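The values are calculated or read from the model by the stated rules, or taken from the named source; none is laboratory data. Note that this is a predicted model, so its numbers are computed, not measured. For neighbour counting, all protein chains shown are included, and Cβ atoms are generated from backbone atoms with ideal geometry for every residue, glycine included. Note: areas computed on protein heavy atoms with side chains; ligands, DNA, RNA excluded. Shrake-Rupley method; radii C 1.70, N 1.55, O 1.52, S 1.80 Å.
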Amino acid sequence: MSRSAPVLPGRRGTLGELYSPRANSFGVLRLVLASSVVLSHVWPLGWGPLDPLWKYSGQQTDVGKMAVIGFFVLSGFMITGSGARSTSGRYAWHRALRILPGLWGSLLVSSLIIVPFLYSYLHGSVDGYWNHPQGPVSYLQGTWNTSISTHWDIAGVLAEGKARGTNFDPGVNGALWSLKYEILCYVMVGVLAASGVLTRARKLVPLSAALLGILILRDWIAAPSLRGIPANMSAAVEVPFLGAMSVHFIIHLCFVFLIGATFQLYRDRVPVHDGLALLCAAVLGGSLAFGGVFVFGYPAFAYLLLWLAIRLPRPFQKIGRKRDYSYGIYIYGFTVEQALALLGYAKYGKPVFLLLAMAGTLVLAALSWHLIESPAMKLKNWTPWFVRRLQQRGTAAAQPQPQTQSQPAGEPEPSPVTTGG
């Protein structure tokens, strides 16, 4: 008679056993992460210095950057699952629908409504705004694809805010910097899916994450101290369509994205364990306090997020499921805070500034979801007419042809055409 293996206290099962696409807390986690970005920007946009985590961590990171890391972990988990299930065309269509319509809406609201209002506030009218050399047209031309290839400011509005001492950042929407890295990761998953890696050679995903982790570890060892940002932050490469991209952020963001992807591909082997989550929380806190957040803190934070997505009580699973305002909060928060700073609301203190920023951002995020993002996502099953025609022809060709009376006696029926999976 064989004995069953003992179950360690705190072990709840595997990620594959406990994760349900319809019952998880990813929605509330995204909302918390997006709101954390708005919170983090209160300090640099209203007063200049970065948020307190920057100083506490020895200038390793801040709340906003950790929130971005969290987004990439969750995206790695969710997007890899989508890539493994979908055809290449459908996958690309879904990703474009999720990121571009909302982005374009925010760019139009910023350049056609918010910034003209600020320009009029500064100059008494909008004369000179529309035909400014660095006006809304050139801004839209450089930002529609997330490349930010023209300029961050529009018509010098933020430059004048800096000159007046109300603003400390030159960009209308500095939060957009991470979107092109997100798109790069989407393309990476699309290539891995199309080449069969996600289904037939999935080991390459954790191996790639490990390789990037080794690069980060090497930079950390070579750094002058245990705390601080390792490697050269100024090194950049030109990526087609996306423009100039930081080598530092390519490595670090792809690293955490691939960690999320690994959790997805090996979810049947990843334990959901309360004790392991507690250990990861200690590792994350220790790395922030003593150094190595990029090497040790990121993987620990990634596990914590997935653990929370499974272990948070059931009421949290309803938040953000039908109305996902997280993307709207992310793409509007920075602009709202810049506007509040220029209008002088920083004088009322950080709590009031944050409250006003969150209120204005939530209004715009809700409008973005109901008027742009949600209607766009309803098109996810749309298929162009020429693609439908090709599919119909392929289906017709795959059907066996019935034998007719004119068929010569003894001639075999045509075999059905088979297609690869």
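Can you tell me which residues in region 316-367 are among the basic types (Lys, Arg) and either touching a strand residue (DSSP E or B) at 6+ places or on another chain (Cβ under 6 Å) or in a helix (DSSP H, G or I) (or both)?
Across region 316-367, the qualifying residues are LYS318, LYS347, LYS350.
Here the condition is being more than 15 Å from the chain's Cα centre (by Cα), among the aromatic types (Phe, Trp, Tyr) and at pLDDT 95 or above; of PHE241, PHE263, it holds for PHE263 alone. Among the numbered conditions (1) aliphatic (A, V, I, L, M); (2) farther than 25 Å from GLU238 by Cβ; (3) not in a helix (DSSP H, G or I), the only one that VAL115 does not meet is (3). Regarding region 287-295, can at least one residue be identified that is part of a helix (DSSP H, G or I), open to solvent by 30 Å² or more (accessible area, probe 1.4 Å), touching a residue at least 12 places away in the same chain (Cβ under 8 Å) and in contact with a helix residue (DSSP H, G or I) (Cβ under 9 Å, 6 or more places away or on another chain)? No, because not a single residue in region 287-295 is part of a helix (DSSP H, G or I), open to solvent by 30 Å² or more (accessible area, probe 1.4 Å), touching a residue at least 12 places away in the same chain (Cβ under 8 Å) and in contact with a helix residue (DSSP H, G or I) (Cβ under 9 Å, 6 or more places away or on another chain). Give the residues of region 269-283 that are outside any helix (DSSP H, G or I) and either under 18 Å from ASN24 (Cβ atoms) or in contact with a Pro (Cβ under 8 Å, 6 or more places away or on another chain) (or both), sorted by residue number. Passing the criteria: VAL270, PRO271, VAL272, HIS273. For region 196-228, filtered to residues that are in contact with a helix residue (DSSP H, G or I) (Cβ under 8 Å, 6 or more places away or on another chain) and of a type in the set (Ser, Thr, Tyr), the residue that is nearest to GLY58 (Cα to Cα) is SER208. Take the conditions within 22 Å of the chain's Cα centre (by Cα) and outside any loop (DSSP other than H, G, I, E, B) and apply them to LEU39. Does it pass? It is true that LEU39 is within 22 Å of the chain's Cα centre (by Cα) and outside any loop (DSSP other than H, G, I, E, B).
In the set SER149, SER106, SER110, only one residue is of a type in the set (Ser, Thr, Tyr) and open to solvent by 10 Å² or more (accessible area, probe 1.4 Å); that residue is SER149. The condition (being over 23 Å from PRO116 (Cβ atoms) and either modelled with pLDDT of 95 or more or not β-branched (Val, Ile, Thr) (or both)) is satisfied by just one residue among GLY360, GLY328, GLY349: GLY349. Consider region 159-175 and keep the residues that are assigned to a loop (DSSP other than H, G, I, E, B) and not hydroxyl-bearing (Ser, Thr, Tyr). The one that is nearest to the chain's Cα centre (by Cα) is ASN173. Of the candidates LEU211, LEU215, LEU207, the single residue that is of a type in the set (A, V, I, L, M), open to solvent by 50 Å² or more (accessible area, probe 1.4 Å), part of a helix (DSSP H, G or I) and modelled with pLDDT under 95 is LEU215.
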